[in-house]
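A.B. asks: Below you'll find the structure I mean.
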2 protein chains.
Amino acid sequence: MEGDHGIKLLEKLFQILKDEGVLQPKFSDPVIHFKDPEKLLDDFEFTIDNQGHATPAAIEQICRDVMKYSTKTNHVNFHTFLYGGYDFYGLCASWIIDALNTVPMTYDVAPVFSLMEDVVIKKLLNLYGINDGDGIFTPGGSSATLYAMTLARFKKYPESKKTGIFNQKPLVCFTSKEAHFCIDKGANWLGIGEENVIVIETNEKGEMIVKDLEEEVIKSISEGKVPFFVQATCGTTVLGAYDDLRGLAMICQKYGMWLHADGCYGGQVIFSKKYKYLMDGSELADSISYCPQKMGGAPLQCAVFLTKYKGLLLECNKTGAGYVFATEKYYSTCYDTGDKSVQCGKKVDAFKLWLILKARGLDAFEEITDNIFESAKYLSNLIKSRDGFRLVVDNQASPSICFWYIPKNLRGTTENPEFWSKIDKITTIISSTLVKSGRQMIGYSKLPKKHSANFFRVALVGYPRPSKESMDSIVNEIESVGDKL
Amino acid sequence: MEGDHGIKLLEKLFQILKDEGVLQPKFSDPVIHFKDPEKLLDDFEFTIDNQGHATPAAIEQICRDVMKYSTKTNHVNFHTFLYGGYDFYGLCASWIIDALNTVPMTYDVAPVFSLMEDVVIKKLLNLYGINDGDGIFTPGGSSATLYAMTLARFKKYPESKKTGIFNQKPLVCFTSKEAHFCIDKGANWLGIGEENVIVIETNEKGEMIVKDLEEEVIKSISEGKVPFFVQATCGTTVLGAYDDLRGLAMICQKYGMWLHADGCYGGQVIFSKKYKYLMDGSELADSISYCPQKMGGAPLQCAVFLTKYKGLLLECNKTGAGYVFATEKYYSTCYDTGDKSVQCGKKVDAFKLWLILKARGLDAFEEITDNIFESAKYLSNLIKSRDGFRLVVDNQASPSICFWYIPKNLRGTTENPEFWSKIDKITTIISSTLVKSGRQMIGYSKLPKKHSANFFRVALVGYPRPSKESMDSIVNEIESVGDKL
């Protein structure tokens, strides 16, 4: 299939996307047509054969079925993870990136995108209060944490790039009990080991207790280990809590540790005059990560790693392979930035954020951010005022609202372990009933300190735009299922 | 901008993509409108402001400029790196993936895609001769090598996941002198260190010398180190050479090392009855990587890591974070495969390969593969028969053809270091002249054993389909510039 047929295929695809309501699911559309995996294996023709299935009718049916049985993450009732829908400018950028199919490795293969990545990184550094740093787009937030840990280790022991870390005192990193699991994965991959990730206790709101961090650092040193890295979380995965960056930075400076601010979920606040206080002290961090794919409406993947040390990314990661990074060229090779990366081929994710910001302006990003927090506040108030609902954390500026539903027959009864065990089950039953009905997808979670009973978690993102109506709907739907239990 | 406006934006975008010839560049179109970075910074409005630039006219202009000044990697004259254009079914899949915007982390958020990834991985394992293994799609081939190294280490020292690698004998890995740089990046990241990557000499064709490997392994052991990993290359970056998997597997078995077959570029041969002998012994490898984004025509990113050890990926990488991977669900959680990954959010790259294979069938993939090798053979013969051209390696079944151009005034003169130093310069001059004219983008490279003089490298990929005409054009264009030197 060459040119014209290919374009016909894309034209048809565009029609199907519109027909199937994928691009703008209506409120009344199901979020998901749930089928058990075994059933879907039967109903969908997954097999690959020697002969192709390329008649227009066969391809159309495949595309329609893929869309029909896929979850509509850009439905306003999708609240399962920390992502969801997208800004259409972001999707427009994604499609252009796919059509141009290139890698921001050297300037000549990605001229516009190489310069754009630099512009976006400088703008973000500036917003986080860093004057002259560096950065790189990564395939997700977990990868950004791996960059941070690798860079921190390299800064402390530059020779480890050559020699490895075999004959040295164990390196130790610290993060809060409610941090994202990527730090454990990172410790495993980077040869540090999961037991050298020291988990610091959190307060009621889910914020790392700074005093406890210092105690653990001192303890590690006394055990002959080398504390080198602290990961603060700016918007935890469950409660949406923001760690105290100023407090943590003081400890890091005192003990020579790298401070990484994981703002993958909550880093968006930097665009808001009203909420940027949540990341007060970001300029003191050695590095910051932020995923515009969450609150910012950039389609997956779009994540950025930022550091205040200009040149360190390249120094740490470069191998200078001549077949990619020739040193003598017909333009200045300072624009060939691929050797900063651990990847060779990578996508041009920066363009998604750039186009959204270019089209909408920073002011619009502020409005989007404020809307998230205000919607969260609205939901929080709604839960406080509604019989049978209870907040997990009260009075917190957070983009993530966690709450229990207590059915009528349990209201007012003694809240003993048996009570909470029932609540735990009820949460999962309501959640799966809603998924099977296709009406709402609401994630749930538990925390040891919070009765170890599953609660609903509604982690808000920028798109589709949360509204009073969508927040009302969450509570009403849960109640309508819960009332029948 | 909600729904309808968003769809209008995408409709306009589609029109622009057609107008600008991005989807199917004609032979006579330039591959690149080259502008110096400093000039492009002046000519393109990169700035991001508080106010947006979202009038339809402004957005249209931005999109047109992005396309105009971007390299047309799907032009038949783009030969700079190991990627290029794409199969339209692949682009169709990419656009669907973008529009559905989800992550194959748990079954409920990516039902169709989770099952599809499994189907594709099983099919590939089967083609490589592995009965019952496992696999994962990764954001590029370098990431696949990191998976391989991490898994190999975990298999040898399962306790390292917990303890790290601080108090153990240095681990050593081996690869050929012409392997991809990702192994050095991997060694740095994983705490192994670049000096523990032992580089094995290659023969004239660029294949690792098996006997030398064994000598180096013995030497490492005598130095108190632990050999654990050998990376074979199936299609080296420069010469397109295939290492001897059977020979390497014997050494690996003898010394208890993991054999990883890096087939990122050349793994495509498995689809061809005629060329799969190049990866003879693939069933003996512990793991294999393959990038359908190269010869297979899948749009970036699309890379897969395969291993013969079922369950090992999950065992090595899992953290079991409850807020993502709940153990009790309304469907069997064996379909929630995200915890095998080091990433949390990742794209559904498997669908690109699945749709291409579904639509075209395995037979068509065989034809595509054969065409690459036959086009390479045609180019090779053309160079042999043309005055002033010289192959770097003769008589090799390789998808990558490397050659020098020797201008008239140097033909027949003594081939001393001065001669080769002139050839080195001429290669880069011709290459940059062609880029600036927009007529051809041909990469160049050098190898110490090959007079350390830059040569042209044409690494063929599946799309756009290489043909006699496009191969003729490479030689003719080089000659037309070279004749005037």
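The values are calculated or read from the model by the stated rules, or taken from the named source; none is laboratory data. The model shown is predicted, which means the values in this text are computed figures rather than measured ones. Neighbour counts are summed over all protein chains in view; Cβ atoms, including those assigned to glycine, are modelled from backbone coordinates with ideal geometry.
A.B. asks: Might you check whether a residue that is surrounded by 21 or more Cβ atoms within 10 Å (Cβ to Cβ), within 22 Å of the chain's Cα centre (by Cα), assigned to a strand (DSSP E or B) and not aromatic (F, W, Y) occurs anywhere in the range B:370-377? Explain how you work it out, then say what you get.
C.D. replies: Going through the range B:370-377, the residues surrounded by 21 or more Cβ atoms within 10 Å (Cβ to Cβ) turn out to be B:372-373, B:376.
From what is left, the residues that are within 22 Å of the chain's Cα centre (by Cα) are B:372-373, B:376.
Still in the running and assigned to a strand (DSSP E or B): none.
No, the range B:370-377 contains no residue that is surrounded by 21 or more Cβ atoms within 10 Å (Cβ to Cβ), within 22 Å of the chain's Cα centre (by Cα), assigned to a strand (DSSP E or B) and not aromatic (F, W, Y).
A.B. asks: Cβ-Cβ distance below 7 Å, separation of 6 or more or different chains: which pairs start in the range A:38-67 with a residue that is on the phi < 0 side of the Ramachandran plot and end on one that is of a type in the set (F, W, Y) and in a loop (DSSP other than H, G, I, E, B)?
C.D. replies: Short answer, once both residue conditions are applied: A:L40/A:Y69; A:F44/A:Y69; A:D65/A:F44.
A.B. asks: On to the next question. Of the residues in the range A:330-344, how many are under 12 Å from A:L314 (Cα atoms) and of a type in the set (G, A, S)?
C.D. replies: Step one: filter the range A:330-344 for residues under 12 Å from A:L314 (Cα atoms), giving A:334, A:336-342.
Checking the rest, the ones that are also of a type in the set (G, A, S) come to A:338, A:341.
So the count comes out to 2.
A.B. asks: While we're here: Consider A:G224 carefully, then state whether it is surrounded by fewer than 23 Cβ atoms within 10 Å (Cβ to Cβ), in the same structural domain as A:I270 (by the TED database) and modelled with pLDDT of 95 or more. So that I can check it myself, show each step before the final result.
C.D. replies: On the way: surrounded by fewer than 23 Cβ atoms within 10 Å (Cβ to Cβ): yes; in the same structural domain as A:I270 (by the TED database): yes; modelled with pLDDT of 95 or more: yes.
It is true that A:G224 is surrounded by fewer than 23 Cβ atoms within 10 Å (Cβ to Cβ), in the same structural domain as A:I270 (by the TED database) and modelled with pLDDT of 95 or more.
A.B. asks: Can you go through A:K185, A:K177, A:K162, A:K205 and tell me which one is facing chain B (nearest Cβ under 7 Å), touching a residue at least 24 places away in the same chain (Cβ under 8 Å) and of a type in the set (D, E, K, R)? Step through it out loud before you land on a result.
C.D. replies: Values: A:K177 fails: facing chain B (nearest Cβ under 7 Å); A:K162 fails: touching a residue at least 24 places away in the same chain (Cβ under 8 Å); A:K205 fails: facing chain B (nearest Cβ under 7 Å).
Testing whether each residue is facing chain B (nearest Cβ under 7 Å), touching a residue at least 24 places away in the same chain (Cβ under 8 Å) and of a type in the set (D, E, K, R) leaves just A:K185.
A.B. asks: Which of the residues spanning the range A:90-108 are part of a helix (DSSP H, G or I) and facing chain B (nearest Cβ under 7 Å)? Even if it seems obvious, please write down each step before you answer.
C.D. replies: Applying the first criterion (part of a helix (DSSP H, G or I)) to the range A:90-108 yields A:90-100, A:107-108.
Those that are part of a helix (DSSP H, G or I) and facing chain B (nearest Cβ under 7 Å): A:L91, A:C92, A:S94, A:W95, A:I96, A:D98, A:A99, A:L100, A:Y107, A:D108.
A.B. asks: Restricting to the range A:46-56, count the residues that are modelled with pLDDT of 95 or more and surrounded by fewer than 19 Cβ atoms within 10 Å (Cβ to Cβ).
C.D. replies: Here is the first cut: in the range A:46-56, the ones modelled with pLDDT of 95 or more are A:46-52.
Then drop every residue that is not surrounded by fewer than 19 Cβ atoms within 10 Å (Cβ to Cβ), which leaves A:46-47, A:49-51.
Residues flagged as modelled with pLDDT of 95 or more and surrounded by fewer than 19 Cβ atoms within 10 Å (Cβ to Cβ) within the range A:46-56 amount to 5.
A.B. asks: With the condition being within 30 Å of A:F365 (Cβ to Cβ) and either without any contact (Cβ under 8 Å) to a residue 40 or more places away in the chain or within 22 Å of the chain's Cα centre (by Cα) (or both), I'd like the strands (runs of 3 or more DSSP E) fully within the range A:379-477 carrying at least 2 qualifying residues.
C.D. replies: Details: elements: A:389-391, A:400-405, A:441-445, A:455-459.
The qualifying strands (runs of 3 or more DSSP E) are A:400-405, A:441-445, A:455-459.
A.B. asks: Just name the residue that is nearest to the chain's Cα centre (by Cα) out of those in the range A:2-32 that are over 24 Å from A:D87 (Cα atoms) and loosely packed, with under 15 Cβ neighbours inside 10 Å. It would help to see each step written out before you state the result.
C.D. replies: So the first thing to find is which residues in the range A:2-32 are over 24 Å from A:D87 (Cα atoms), and the list is A:2-9.
Still in the running and loosely packed, with under 15 Cβ neighbours inside 10 Å: A:2-5, A:8.
Working: A:E2: 38, A:G3: 37, A:D4: 38, A:H5: 38, A:K8: 35 Å.
Taking the candidates together, the pick is A:K8.
A.B. asks: Among (1) facing chain A (nearest Cβ under 9 Å); (2) under 27 Å from the mean Cα position of the chain (by Cα); (3) crowded, with 18+ Cβ neighbours inside 10 Å, which single condition is B:I59 missing?
C.D. replies: (2)
A.B. asks: Among the residues of the range B:257-279, are any modelled with pLDDT of 95 or more, surrounded by fewer than 20 Cβ atoms within 10 Å (Cβ to Cβ), in contact with a strand residue (DSSP E or B) (Cβ under 9 Å, 6 or more places away or on another chain) and not hydroxyl-bearing (S, T, Y)?
C.D. replies: Within the range B:257-279 (the criterion being modelled with pLDDT of 95 or more, surrounded by fewer than 20 Cβ atoms within 10 Å (Cβ to Cβ), in contact with a strand residue (DSSP E or B) (Cβ under 9 Å, 6 or more places away or on another chain) and not hydroxyl-bearing (S, T, Y)), the answer is no, since none of the residues qualifies.
A.B. asks: Considering the range A:200-226 alone, what residues qualify as being of a type in the set (S, T, N, Q) and in a helix (DSSP H, G or I)? It would help to see each step written out before you state the result.
C.D. replies: So in the range A:200-226, the residues of a type in the set (S, T, N, Q) come out as A:202-203, A:220, A:222.
Residues satisfying the conditions are A:S220, A:S222.
A.B. asks: Among the residues of the range A:227-235, are any farther than 26 Å from B:G164 by Cα and assigned to a loop (DSSP other than H, G, I, E, B)? Spell out the reasoning first.
C.D. replies: Start the filter on the range A:227-235 by keeping residues that are farther than 26 Å from B:G164 by Cα, which leaves A:234-235.
Adding the requirement that they be assigned to a loop (DSSP other than H, G, I, E, B) leaves A:235.
Within the range A:227-235 (the criterion being farther than 26 Å from B:G164 by Cα and assigned to a loop (DSSP other than H, G, I, E, B)), the answer is yes, since at least one residue qualifies.
A.B. asks: A follow-up question, please. Could you list all residues from the range B:227-256 that are away from chain A (no Cβ under 14 Å), of a type in the set (A, V, I, L, M, F, W, C) and crowded, with 24+ Cβ neighbours inside 10 Å?
C.D. replies: Across the range B:227-256, the qualifying residues are B:V230, B:A232, B:C234, B:L248, B:C252.
A.B. asks: Output the qualifying pairs, or none if there are none: Cβ atoms under 7 angstrom, residues six or more apart or on different chains, first residue in the range B:321-335 and more than 7 Å from every other protein chain (Cβ to nearest Cβ), second residue of a type in the set (D, E) and in a helix (DSSP H, G or I).
C.D. replies: B:F325/B:D339
A.B. asks: Right, another one. Which of the residues belonging to the range B:73-84 are within 8 Å of chain A (Cβ to nearest Cβ) and within 13 Å of B:G21 (Cα to Cα)?
C.D. replies: Matches in the range B:73-84: B:T73, B:N74.
A.B. asks: Only one of (1) part of a helix (DSSP H, G or I); (2) facing chain A (nearest Cβ under 7 Å) is not met by B:D4, so which one is it?
C.D. replies: (2)
A.B. asks: Something else: Considering the range B:9-34 alone, what residues qualify as being more than 21 Å from B:I474 (Cα to Cα) and either in contact with a His (Cβ under 6 Å, 6 or more places away or on another chain) or more than 7 Å from chain A (Cβ to nearest Cβ) (or both)?
C.D. replies: Those that are more than 21 Å from B:I474 (Cα to Cα) and either in contact with a His (Cβ under 6 Å, 6 or more places away or on another chain) or more than 7 Å from chain A (Cβ to nearest Cβ) (or both): B:E11, B:K12, B:Q15, B:I16, B:D19, B:E20, B:G21.
A.B. asks: Cβ-Cβ distance below 9 Å, separation of 6 or more or different chains: which pairs start in the range B:299-311 with a residue that is within 14 Å of chain A (Cβ to nearest Cβ) and end on one that is assigned to a strand (DSSP E or B) and of a type in the set (A, V, I, L, M)?
C.D. replies: B:V304/B:I136; B:V304/B:I288; B:F305/B:I136; B:F305/B:I288
A.B. asks: Okay, moving on. Which residue is surrounded by the fewest Cβ atoms within 10 Å (Cβ to Cβ), if the candidates are limited to the range A:132-156 and must be part of a loop (DSSP other than H, G, I, E, B) and more than 10 Å from every other protein chain (Cβ to nearest Cβ)? Don't jump to the end; show me each part of the working.
C.D. replies: Applying the first criterion (part of a loop (DSSP other than H, G, I, E, B)) to the range A:132-156 yields A:132-133, A:139-140.
In the following step, the residues that additionally are more than 10 Å from every other protein chain (Cβ to nearest Cβ) were identified as A:132-133.
Numbers: A:D132: 10, A:G133: 22.
Out of the qualifying residues, it is A:D132.
Yes or no, residue by residue, for (1) assigned by the TED database to the domain that holds A:A261; (2) on the phi > 0 side of the Ramachandran plot; (3) more than 22 Å from the chain's Cα centre (by Cα); (4) assigned to a helix (DSSP H, G or I):
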site	(1), (2), (3), (4)
A:F166	yes, no, yes, no
A:V172	yes, no, yes, no
A:T175	yes, no, no, no
A:H180	yes, no, no, no
A:G186	yes, no, no, yes
A:G191	yes, yes, yes, no
A:E195	yes, no, yes, yes
A:I198	yes, no, yes, no
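A.B. asks: Which count do you get for residues in the range A:113-131 that are buried (at least 19 other Cβ atoms within 10 Å of the Cβ) and part of a loop (DSSP other than H, G, I, E, B)?
C.D. replies: Final tally of qualifying residues: 2.
A.B. asks: May I pose another question? Provide a single number: the residues in the range B:339-369 that are among the polar types (S, T, N, Q) and either more than 9 Å from chain A (Cβ to nearest Cβ) or more than 30 Å from A:C264 (Cβ to Cβ) (or both). Lay out the reasoning, then the answer.
C.D. replies: Filtering the range B:339-369 down to residues among the polar types (S, T, N, Q) leaves B:341, B:343, B:369.
This time we only want the ones that are either more than 9 Å from chain A (Cβ to nearest Cβ) or more than 30 Å from A:C264 (Cβ to Cβ) (or both), so: B:369.
Of the residues in the range B:339-369, 1 are among the polar types (S, T, N, Q) and either more than 9 Å from chain A (Cβ to nearest Cβ) or more than 30 Å from A:C264 (Cβ to Cβ) (or both).
A.B. asks: I need every pair where a residue in the range B:119-130 that is more than 10 Å from chain A (Cβ to nearest Cβ) has its Cβ under 9 Å from the Cβ of a residue that is at pLDDT below 95, sequence separation at least 6 or different chains.
C.D. replies: B:L125/B:N131; B:L125/B:D132
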